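Taking it in order: structure first as C-alpha cells, then the write-up.
The values are calculated or read from the model by the stated rules, or taken from the named source; none is laboratory data. Just so it is clear, the model here is predicted, and its values are computed rather than measured. Here the Cβ is made from the backbone with ideal geometry for all residues, glycine too, and neighbour counts use every protein chain on show. The accessibility values were calculated without ligands, DNA or RNA, using every heavy atom of the protein model including side chains. Shrake-Rupley method; radii C 1.70, N 1.55, O 1.52, S 1.80 Å.
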Amino acid sequence: MVAESLALSAALFTIGVIGVLTRRNAIILFMCVELMLNAVNLSFVALSTLYGAAGQVFVLFVITVAAAEAAVGLAIVIAIFRHRQSVNLDDINLLKG
Amino acid sequence: MTAFLESISYNGWILPALLGLPLLGAAVLLLRGRAATADAQMASDRRFALWVFLAEAGLSLGLWWSVNVEVPLWQADFELPWIPSWGVSFHLGLDGIALMLVLLTTLLMPLAVLGGWTSIREKTASYYALLLILTTGMLGVFMALDLVLFYVMWEVMLIPMYLIIGVWGGQRRLYASLKFFLYTMLGSLLMLVAIIWLGTAAGTEGVPNFGYDAVLNYTRLSDAHGSVWLFAAFAVAFAVKVPMFPFHTWLPDAHVEAPTAGSVILAAIMLKMGTFGFIRFALPFFPAAAMLPAVRTVMLSLAVIGIVYGALVALVQPDFKKLVAYSSVSHLGFVMLGIFALTTESLQGALVVTIAHGISTGALFLLIGMIYERRHTRLVDDFGGIAKVMPVFSVFLTIVALSSIGVPGTNGFVGEFLVLIGSFQTQPFYAVIAATSVIIAAAYLLWAVQRIIYNPLVKPENERLRGHDLNWREIGLLTPLVVAILWIGVYPKPLLQKTERAAAKLIQYVEDVRTSDRIGRIR
Amino acid sequence: MLTQTDAPMTGHPLADTVARFAWLLPVLPLLGFLFNGFLSLRAAAHPGPADPTAASHDHGEHGDHGDHGAHDAHGHDDAHHAARHPSAGLVSLIGPGVLLLSFGLALAVFVAMRAAHIEEAYVLTLFQWMPTGKLSIDVALQLDQLSMVMTLIITGIGSLIHIFSVGYMQDDPGYPRYFAYLNLFVFFMLLLVLGANYPLMFVGWEGVGLCSYLLIGFWFHEKANADAGKKAFIVNRIGDFGFLVAMFLMFANFGTLSFAGVEEAAGGLMVGSLIATAICLFLFLGAAGKSAQLPLYIWLPDAMAGPTPVSALIHAATMVTAGVYLVARSATLFAVAPTAQLTVALVGALTAVFAATIGLKQWDIKKVLAYSTVSQLGYMFVGVGVGAYTAGVFHLMTHAFFKALLFLGSGSVIYAMHKAYHETHNHEDAQDMRNMGGLRRHMPITFGLMWIATLAIAGIPVFSGFFSKDEILTAVFARTHGSTLAEASLFGIPGTALLYAIYALGLAAALMTAIYMTRMMLYTFHGPNRTGEAERPHLKEAPWVMTGPLVVLGVLSLVGGWMNLPLITGGAIGPVELLHHWLEPVVGTGANIVTLGETPHLSHATEYTLIGTAVFIAVAGIAFALWRLKPAALVAAKDAPAEQGIAKVLHDKWYVDEAYDAAVVQPTLGVSRTVLWKGIDAGLIDGLLVNGSALLTRAFGWMGSQAQTGRVGTYAWVIVLGAVAVLGAFSFL
C-alpha cells in the first residue's frame, strides 16, 4: 500500500513539475505548485505508517503554509494582472539583469 | 634632554600617543562645525591640520634622544592585550631602523600638508582627516610588534591613500586609485595567509601567538626559516609596495594622478613600507629561504633590473612626474640590492637611500606641484627657460635634482655609495651593473632639468611666470629639505650610528642561521 | 663641525705650523660661494628696474657658434647699455679676494713644508664621514709635496683668472652668479687635490664636474650652451663610473680607501698583479673622462660654450688635469700594473695625435685651443703613463701657465671683437678666426704674450713647454729597454715596440701642435684685418685688469721651465730638477724604482739627439706653417667657401659626435622608449598582465551574468535539471 501511495505521489509531483516548467500562465503555475505540495503531503502521510505520526504533523504545517501561500500568491497575481492586464510569466521579467 | 624625557617617562606613552593624536585630530576635523564659506572652511581646516602635524612632529622629536639604539631590546616598548584568545596584542616598539622611519614620517607630514596648501580646495575636512588617519597607519606599520596589528595598520594606510588619489586626483584618478588598491591588496592577502599560518604555528596549547618575538623565535627553532613559500608570500606583498620590477606599474599611474601631498607621501614614506617589511619581517623570519641561491639570485636580479630599467624608462618620459616615479623604481632598486647583498655597509647604505630618497623625491614632487599650480602642465617640453623667470625655484630644483642623481655632498651619494661598495663585497657582478645607473641617472634628470629651467624662454605661458617665483611658504617648506639633503651628504654619521647596531644585528642573525647546520633541512 | 679638528699626527713636523689651518684653503672659496650665491639669488628674486631679459642677452661673448651657423640665435638685443649688477662692487672684492687669501695661505704652507723637509704626508683629519661596518671614511686633508704643487697651481692661476674675470664679465647680469660658481669650483678642486682618501677626492672630482656643468651652461638660455654643459656632465659620469668601480675593488681587496692605506697595500703586490691592473684600468677610465682622453674627449671642445675665463681655469689649467693628478696619486698602484701603464701612455699618445689633427682645421679660436688642450693632456698621460710622474706633473704645471695664457689671451681677443661688433650691431661670429686678422696692430700686448705662449706650447727651447715636453719624450725613450714597461705587453705587442710607437706619436703630435698654433697666431694677429671697415676703429686692447694677469702668466710661461731643468744642463743655467726632488717623497721613491728597474741611463749623446729631434720638429712645424699658410688669402667667415675633402673631415671632427649619437645615444633612447617603456612596461606588464587580468575577470563576470536571465521559468528549469543531475549522480555512485 505504501509503495502505491508513493508511486501516486511521484506521479502527481512530476505532473506538477512539468506544469511549472511548461506553462506560462501564473494561475496554472500556481495550481501546479499546489499539486507538488500535495504530492509531498501524500508521501508524508504514506510514510507515516512506517515512521510514526511526525509525518502527519508536517502535513498540517504544509497545508497551513500552502494556504498562506495561496492567499499571498493570488493577491500578487491579481496585483500584477491589474497592473499589466496579463498573467503571462514571460512578461514579468523586471529582475532580468 | 635624556634626563628630562625620563622624568616625564616619555618612552612609556610616546608611541600610543603618536598613533592616537592624528586619529583624535581627524575626529575633531570631521565632527566640528562647518564654516560659513568654502574658503573659510579651507583656511580653518588646513590650519588645524598643520597644527596637529606640527604637534605630532614636535612630540616625536624626543625619540631621537630617548631611543637607545645600543640596547638590544625594543625601545619605547608598549604592550596592551587586544584579543588574548587569538594571541593578538597591541604591541608597539622601535629599533634604530624603525626610529629613523618614524621620524621621517612625522617630520615630512607637515611639509606635505604645506605642499598642498592652496591646491586642495574641495572637501578639505575629509582630505586632512584622511591624511591624519594615513599618518596613524604609516606610523603603526613602523611601530607594530604584533603581526596582526601590523597587518591592520598596513591596510589602514591603504584606504586613505586610495581615497586621496581617487577623490582629489587628476584626470585618470579612478583607474590609478583602483590599480593602486588592487595591486597592493593582491600582495597583502598573500601575506595575511602567511601571517595566520605563522601565528597559529607559533602558538602554544591551541592559542595562537602573533607577537613578533614569538614568531621570530618559532621560525628560528623550527624549519620555517627555510620555507620558500612563506617567504614568497611576504616577499610579494613587500615587493609590490617597494615596488620591485615587475610589480611597479601601479606607481607611475598613482604618482601622476595623486595630488601633491599624495605623491610626496607615497614616494617618501609608503614605498619604504616595502623595504622596511623585508628588513623587519621577510629576512629575519626566513633567513635561510631568502639566502637560497635561487631566491637570492631572483631578488638581486630584480633589484638590479629595477635600477637600470627604471632609469632607462625614466629617460624617455615626457611627464616629469612620471619621470620621477620611474626614478623611484630605480632608487628603491638600490635599497633592495643593499638588503640582499647582506653586508653591514650595504644594508646601512640601503637605509640611507631609504631616508635620502624620501627627502629628495619628496622635495621633487613638491617642486613639481609648485610649478604645476602655476603652469597647469607637467610635460617637460612645455617648459624651458624657467630659470630666467623663477630663479629661486630653479636653484631648489637644481639642488634637489643633484641629490637625486647622487652627486657627492648630497644625501643621495652617501646612500648609493654605501650600497654599491657594500654590495661589491659579496655581489660584485650586480654592484657593477647597478653602478652604471649613475650615468643614466645623470642623463635623465639633467636632461629634464635642462628642458625645464634652461634653454631659451620662448613660450609666452612661461614668460607669464615672471614675478611668480616661489613665495615664502614654499621657500620655507623646501629649505628644511635642502638642509637635510646637505646635512646627510656631508655628515651622515649620526644617522649611520642610529641604525648601525640594528643593521649589524640583522646581518649577523641571517648569517648565523644560514651557516648553522639547519641549512640542510630546508624544504 | 670644523671646530672638531682634533690634532692627530702630533709629532709630524707640520703639525705645529701654519699647516694646521690648511682646512681654510678650501673653506675660504666655499664662503665666497655662499656669499656670492646669496647676493645672486637676492638680486634675482628682486629684479631691478631694467628688463632682465633684454639685459641678460648682453653678455661678453657667444659660446660656440663658430661652426654651428646659429648666428641668428645670438639674441643681440639693442638694449646693450645694461647697468652693472647692483652688488658688482662687493662681488668683485669677495670673489677674487677669497682666492687671493687662499693663495697666500697656500704659499705660507708651502714655505713651512719646504722648511720641514717632510718624508710623510701630513694628514689633517676633520671629522668622520661615513663610518659603518668595516668602512671608515674620514673627511681628512692630505698635505704632501704633490698636493702642495696642485694647490699652488689652483689658487695661483685661479686668482689670476678671477681677476681677469672682473674685467671680462663686468657687464654680465649674472655677475655674482658667475663668481659664486667659480668660487665653488675652486672649493671642489682644492678638495679634489687635498682629500686624503679616494672617496673624498671623488667628492671634489664630481664637484668640479658639477661646477663645470654650471659654468659651461652659464648662458643657459641658448640651447647649445645648456646641451654642452649636460654633455660634459654625462660623459664625465661615464668616467666616474670607472672611478667608483676602482674604489669598490680597492675596498674589497685592500679594505681601505685612504691614500696611505692603498699605497701600503699596493706596495705588497707583485708586478703584474691582476688586481692592481684592474683597479688602474678603472681609475684610468675615470681619468679619461675627466681629462678628456679617447674615447671620452668629446665633451671638452663643446665645453668652450662657457665664458672664456672658465675655459682657461677649468678646461685648461686645473680640472681637466685632475686625471693626471689621479694617476700620479696612485703611482704605487700603477707601478705594479705595467699593462695599465702602457694603456695609459698609449691612449695618451693616440689622443695627443688625434686631437691635434682636428686642431689643424678649426676656425673657432677657442676650438683650436680646446683640441690643443686635449692633445696636451694626452702628452701628460704619456708622461705619467710611463711612470715619469715628475715629467707629467711638470707638463701639467707649464701647460697650466701657457694654456691659461692662451685662453685668457683669446678671451681678450674675443672681448675686443665682441665690443667692436657690438658697437656696430653686427651679428658676426666674434670667435671665428676668419673674422680676425691683423689684430697685432690693435692689441700689441696680447699679441706679444700670445706668441710667448705659442712658442712655449710648440716646444721652442728656453720657453717652459720645451722643458716639460722634452722630459716626457726623453722618459718614454729611456724606458724602451729594461723597464717593467718594456717587459710587459699589451694585446700581444711587446712593450718596447709600443714605447717606440708612443715616442713617434709624441713627435707627430708635437709637429702638428707647432703647425696649428702658428696657424692660429697667423690668422688672428697677422695679415690684413677682416673684421669689417666699420668695426676696425673699435678694436682695442682690453683694460688692465685683464691684461695684468696675462703679463704674469706670460712671465711664468717664459721661465716656468726653470722649475725642473734637465740634469743634462748640469746646473749651468740654474739648479736642476727642482720639481723632481720636491716630488721625490711622493712619487719618486717607490713607484719610480719599480718601473725603472734595471733601465740603463741614457748616454749624453742620446739625450742631445733626442733634444735636437724635438727642437727640429718644433721649428719645422712653425716654419711649415709660415711657409704654407697665407693669411692674406683668407676671406671673412660669411664669404668663406665650405671645406672640401680631408679638410672637411678634420673640420667636422672626424664625425665622432655623429657616430656616438648614432651608435649610443639614439639606440639607448629608442630602446628605452619603444622596447622598455611602450613594449615591456605599457605593453607586457600593464597591458597584458595587469589590465589583462582585469579583463579576464570582467569576461568571467560577464559570462556568469548571462545566466541571470531574470525569468523565473529559466530558473525553475535549472533547478529541476540540477535536481535530476544530483539524483542521477547519486544513483550511479
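Side notes on the structure shown:
- Beta bridges from DSSP with both residues in chain B: antiparallel share about 100 percent, rounded to the nearest 5.
- Viscosity 0.692 mPa s, 37 °C: Kirkwood-radius Stokes-Einstein D of chain C over Cα pairs, µm²/s: 119
- Loop sites in the stretch B:113-196: trypsin sites (Lys or Arg not before Pro), DSSP, at most 15 other Cβ within 10 Å: B:ARG121, B:ARG172
- Residues of the stretch C:106-149 buried by at least 30 Å² on assembly (accessible area, 1.4 Å probe, chain alone as reference): C:PHE127, C:GLN128, C:TRP129, C:MET130, C:PRO131, C:THR132, C:GLY133, C:LYS134, C:LEU135
- Carbon plus sulfur fraction of accessible area for the stretch A:2-91, probe 1.4 Å, in percent: 75
- When the residues C:HIS117, C:HIS581, C:HIS538, B:HIS331 are ordered by accessible surface, computed with a 1.4 Å probe over the protein chains alone, the sequence from largest down reads C:HIS117, C:HIS581, C:HIS538, B:HIS331.
- The stretch A:2-91 shape via C-alpha gyration tensor axes, a/c threshold 1.5: oblate
- Note on C:490-500: average number of Cβ atoms from other chains within 10 Å of each residue's Cβ is 0.
- Subset of B:LYS388/C:LYS290; B:LYS241/C:LYS230; C:LYS361/C:LYS630; C:LYS231/C:LYS403; C:LYS469/C:LYS648 violating a 25 Å alpha-carbon distance limit: B:LYS388/C:LYS290; B:LYS241/C:LYS230; C:LYS469/C:LYS648
- Length-normalised contact order for the stretch A:2-91 - Cα pairs under 8 Å, 6+ apart - percent: 31
- Both chains summed, the buried accessible area for C and A stands near 700 Å², from protein heavy atoms and a 1.4 Å probe.
- Where B meets C: accessible area buried, both sides, 1.4 Å probe, Å²: 5300
- Mean per-residue shielding of peptide B:408-416 is 4, counting Cβ atoms of other chains within 10 Å of each Cβ.
- Mean Cα-pair separation over length for the stretch B:363-460, i.e. relative contact order, pairs under 8 Å, 6 or more apart, %: 43
- Hypothetical label at A:GLU4: residues of the stretch A:48-64 whose amide nitrogen lies under 19 Å (7 Å Cα-Cβ projection): A:48-50
- Residue-normalised accessible area of the stretch B:1-120, expressed per residue, 1.4 Å probe, Å²: 45
- Spin-label proximity, B:LEU189 to the stretch B:229-263 - amide N less than 16 Å from point 7 Å beyond Cα toward beta carbon: B:233-234, B:236-238, B:240
- All-pairs alpha carbon distance profile, the stretch B:1-111, 10 Å steps from 0, percent: 13, 36, 29, 16, 6, 0
- Inter-part distance where the stretch C:115-131 and the stretch B:196-235 are each reduced to a Cα centre, Å: 53
- Whole-percent P(r), chain B, all Cα pairs, 10 Å bins from 0: 4, 19, 31, 27, 14, 4, 1, 0.
- Cα-based shape type of the protein assembly as shown, given that a ≥ b ≥ c are square roots of the gyration tensor eigenvalues and the cut on a/c is 1.5: prolate
- 1.4 Å probe accessible area per residue over the stretch A:2-91, in Å²: 62
- Distance from the alpha carbon centroid of the stretch B:62-137 to that of the stretch C:377-439 works out to 60 angstrom.
- Protection proxy ranking of C:702-708, C:444-450, B:288-294 - average other beta-carbon atoms within 10 Å, highest first: C:444-450, B:288-294, C:702-708
- Chain B: calculated mean residue ellipticity at 222 nm from DSSP helix runs of at least 4, using -39500 (n - 2.57): -24000 deg cm²/dmol
- Taking the DSSP beta bridges with both ends in the protein assembly as shown, the antiparallel portion is around 95 percent.
- Relative contact order of chain C, taken over Cα pairs closer than 8 Å and 6 or more residues apart, is 13 percent.
- Minimum 20 Å² accessible area buried by the other protein chains, the stretch B:297-335 residues, probe 1.4 Å, relative to alone: B:TYR309, B:LEU312, B:VAL313, B:LEU315, B:VAL316, B:GLN317, B:TYR326
- Rounded percent of accessible protein surface that carbon and sulfur make up, chain B, 1.4 Å probe: 68
- One Cα centroid belongs to the stretch C:510-542, the other to the stretch B:277-305; the line between them spans 67 Å.
- For chain C, the solvent-accessible area with a 1.4 angstrom probe is 36 square angstrom per residue.
- The portion of the accessible surface of chain C made up by carbon and sulfur, rounded to a whole percent, is 70 (1.4 Å probe; DNA, RNA and ligands excluded).
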